1. Pull out all pairs, ordered by first then second residue, where Cβ-Cβ is under 9 Å, the residues are six or more apart or on different chains, the first lies in the range 337-363 and is farther than 12 Å from ASN391 by Cα and of a type in the set (Phe, Trp, Tyr), and the second is within 16 Å of the ligand (Cβ to nearest atom) and open to solvent by less than 20 Å² (accessible area, probe 1.4 Å).
2. Pull out all pairs, ordered by first then second residue, where Cβ-Cβ is under 9 Å, the residues are six or more apart or on different chains, the first lies in the range 143-161 and is over 14 Å from ALA175 (Cα atoms) and aromatic (Phe, Trp, Tyr), and the second is modelled with pLDDT of 95 or more and part of a loop (DSSP other than H, G, I, E, B).
3. Filter the range 204-260 down to the residues that are farther than 24 Å from GLU278 by Cβ, charged (D, E, K, R) and surrounded by fewer than 18 Cβ atoms within 10 Å (Cβ to Cβ) and list them by number.
4. Any idea which of LEU343, LEU368, LEU306 is within 16 Å of the ligand (Cβ to nearest atom), open to solvent by less than 30 Å² (accessible area, probe 1.4 Å) and closer than 24 Å to ALA556 by Cβ?
5. Mind listing whichever residues of the range 93-111 are touching a helix residue (DSSP H, G or I) at 6+ places or on another chain (Cβ under 9 Å) and open to solvent by 40 Å² or more (accessible area, probe 1.4 Å)?
6. If I ask for residues that are part of a loop (DSSP other than H, G, I, E, B) and farther than 18 Å from GLU513 by Cα, which ones from the range 341-378 would you list?
7. Determine, yes or no, whether SER131 is at pLDDT 95 or above, under 24 Å from ARG224 (Cβ atoms), of a type outside the set (A, V, I, L, M, F, W, C) and out of contact with any helix residue (DSSP H, G or I) (no Cβ under 6 Å at 6 or more places or on another chain).
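The values are calculated or read from the model by the stated rules, or taken from the named source; none is laboratory data. Note that this is a predicted model, so its numbers are computed, not measured. Glycine gets a Cβ as well: all are built from the backbone with ideal geometry, and neighbour counts include every protein chain shown. Quick note on the areas: whole protein, heavy atoms, side chains included, nothing else; ligands and nucleic acids left out. Shrake-Rupley method; radii C 1.70, N 1.55, O 1.52, S 1.80 Å.
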Amino acid sequence: MLRTLLSALTLSLCTTLPAGAPAVDTEGHAWWQHAVFYEIYPRSFQDSTGNGVGDLNGITARLDYLRGLGVDALWLTPCFPSPQVDFGYDVSDYWDIDPLFGTLQDFDRLVAEGRERGLKVILDLVLNHTSDQHPWFKESRSSRTSPRRDWYVWRDGKGPGAPPCNWESLFGGPAWTLDPATGQYYYHYFYRQQPDLNWRNPAVKDEMLDVTRWWYRRGVAGFRLDAVDTVFEDPGLADNPVLPGRNEYGDPNMKNLHNYKLEEEHGLLKDLRRVADETGAVLIGETYTESTPELKAYYGNGRDELQMPTGHMLAMAQTLSAADFRQRIDATLATGFWPVWVLGNHDLARTATRFGDGRHDDAIAKVLAALLLTLPGTPILYYGEELGMVNNDPVRLEDVRDPLARQGWPRAKRRDGARTPMQWDGTAGAGFTKGKPWLPIPPSAATRNVAAESGEPGSVLNFHRQVLALRRGDPALREGDYRPLNPADPNVLSCLRTYRNEAVLVTLNLSPEQRSLSFDLKALGWDPTRAVRLATSGAALPEAGLPLELGPYGVAMVSVPRLR
Ligand code: GLC
């Protein structure tokens with residue numbers, strides 16, 4: 001507490017406290033509703049020291065690139081001190097920056113330089129667990145009577161060698177580890193080096209709320225809340241139902257009924273939101289779901305829980321199917337709240353790898369960009385997706401860095417492949433490092449990089465820049481109403497985004513064949529004879545704008561005025 005007060009005092013002397021109530025525009029929208037978010041995996045964005053690992057000064061050095069790309073807010077995956085067992089998702093101090101990534105002063109400079117360029121910084125808050133090297137856990141495990149004992153979930157086993165219940169770790173094996181020193185088991189939803197905090201202890205909540213306040217004062221514009229669905233578990237430790245079959249770690253399949261998505265998490269989200277509202281900060285939730293009611297619940301009443309729950313409905317798509325995407329979009333929109341769109345992140349295979357067909361990879365990367373950036377709501381773009389970067393999966397066990405992959409090898413290649421260094425240029429270190437990169441750079445980086453793509457007018461990167469600039473300048477795309485067209489078309493997704501006297505027609509061919517499209521826009525009150533091309537990829541537009549000819553995975557975005 002003393003630490004909080006001292007820091008607050010120091011900070012209030014050197015930074016301006018953000019104003020109280022969140023600012024909204026004339027449409028009633030807050031800043032994050034107009035923003036495009038960009039996820040940075042700090043280890044892999046830009047190394048400024050030559051040790052092969054990215055850092056904060058590296059990110060600061062690339063802010064002009066990000067501004068030029070056209071994004072507004074940067075979500076940094078955890079850069080707090082950490083033993084790096086789960087690459088930062090095992091935090092050992094919530095009040096500092098890991099020396100691997102820099103210092104608090106480097107962080108302040110990143111925030112300040114970002115602010116000068118209109119770029120906000122979002123941090124990643126790991127609430128469910130800490131590192132087993134966190135002083136809280138060390139104290140907690142030191143004795144059964146430690147004042148911090150109850151900060152974590154400790155229980156007696158059911159008998160010799162038998163854990164307290166059958167819960168399994170998401171990362172393989174039992175979710176309980178016996179600590180011989182005190183003869184009790186501690187609970188961990190993830191690795192055993194990531195013991196779960198006990199969120200039923202009010203002291204834990206108070207401390208974490210203070211953590212958020214402290215970073216808000218430091219200029220952080222919000223948090224991405226890691227794994228919020230796992231923070232509470234049934235205190236009665238009822239066994240989870242076992243399902244047929246085994247998972248990729250060889251453990252029995254299980255329904256996580258008693259340790260996942262418990263109702264109590266909504267109380268915590270409300271507390272976090274109350275504090276966030278003090279500075280107009282945004283809360284993004286890591287909230288995987290394919291169910292509309294479940295997604296809707298994360299918004300609370302629309303003002304008291306998460307502003308941006310990431311249902312990941314799009315991210316969980318496995319095939320480029322117009323029908324499947326349409327269903328995922330509809331399921332997201334059906335909450336009635338502000339939608340959030342994600343296609344890729346640091347836990348999923350890159351979209352170019354998931355959806356590429358080896359023949360139309362650039363066109364597919366562009367159609368996905370157009371999808372992500374033209375849906376109504378706030379998109380989150382994963383670094384490198386703007387280049388069409390592909391997964392670079394390890395082929396030998398000795399090259400694996402993600403402990404998850406080691407555990408499931410060779411069945412699960414897991415997450416390294418999607419976390420490789422940002423490809424800035426065609427040099428050996430891809431412009432990312434002068435040293436040996438912590439993960440290998442794929443041969444495709446020779447041509448798929450910022451320098452090369454900047455010079456090609458039709459590149460995936462320039463298409464992203466073009467669509468992001470359109471979105472920034474055009475209220476129809478940014479905040480216009482959304483009207484899906486041709487709802488039964490098995491190949492092409494089309495919609496109108498409308499704002500006052502303008503409609504933007506967006507058509508996305510999700511098939512490898514040429515498609516010809518026409519719409520009766522007049523019947524909807526829009527004048528196709530005065531249509532103006534905004535952006536196309538693999539599409540031909542006649543003088544009068546319609547019908548459109550879309551090539552394989554082609555995109556056309558056309559502005560249409562109201563009928564006079
Ligand atoms: C989230 C993160 C993931 C991490 C896990 C445990 O799912 O996105 O990378 O391993 O939480 O913190």
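1. Taking only residues 6 or more apart or on different chains, the pairs are PHE337/TYR298; PHE337/PRO309; TRP338/MET308; TRP341/THR310; TRP341/ALA315; TRP341/ILE380.
2. Every condition considered, the pairs that remain are TRP151/THR130; TRP151/ASN198; TRP151/ASN201.
3. Hits for the range 204-260 are ASP234, ASP239, ARG246, GLU248, ASP251, LYS255.
4. On the way: LEU368 fails: within 16 Å of the ligand (Cβ to nearest atom); LEU306 fails: closer than 24 Å to ALA556 by Cβ.
Among LEU343, LEU368, LEU306, only LEU343 is within 16 Å of the ligand (Cβ to nearest atom), open to solvent by less than 30 Å² (accessible area, probe 1.4 Å) and closer than 24 Å to ALA556 by Cβ.
5. ASP96, LEU100, THR103, ASP108, ARG109
6. Within the range 341-378, LEU343, GLY344, ASN345, HIS346, ASP347, LEU348, ALA349, ARG350, LEU375, PRO376, GLY377 qualify.
7. So SER131 passes the test.
A quick yes/no check of all residues on (1) assigned to a strand (DSSP E or B); (2) at pLDDT below 95; (3) under 29 Å from the mean Cα position of the chain (by Cα); (4) within 16 Å of the ligand (Cβ to nearest atom):
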| position | (1), (2), (3), (4) |
| --- | --- |
| GLY172 | no, yes, yes, yes |
| LEU178 | yes, no, no, no |
| ARG192 | no, no, yes, yes |
| ALA203 | no, no, yes, no |
| GLU207 | no, no, yes, no |
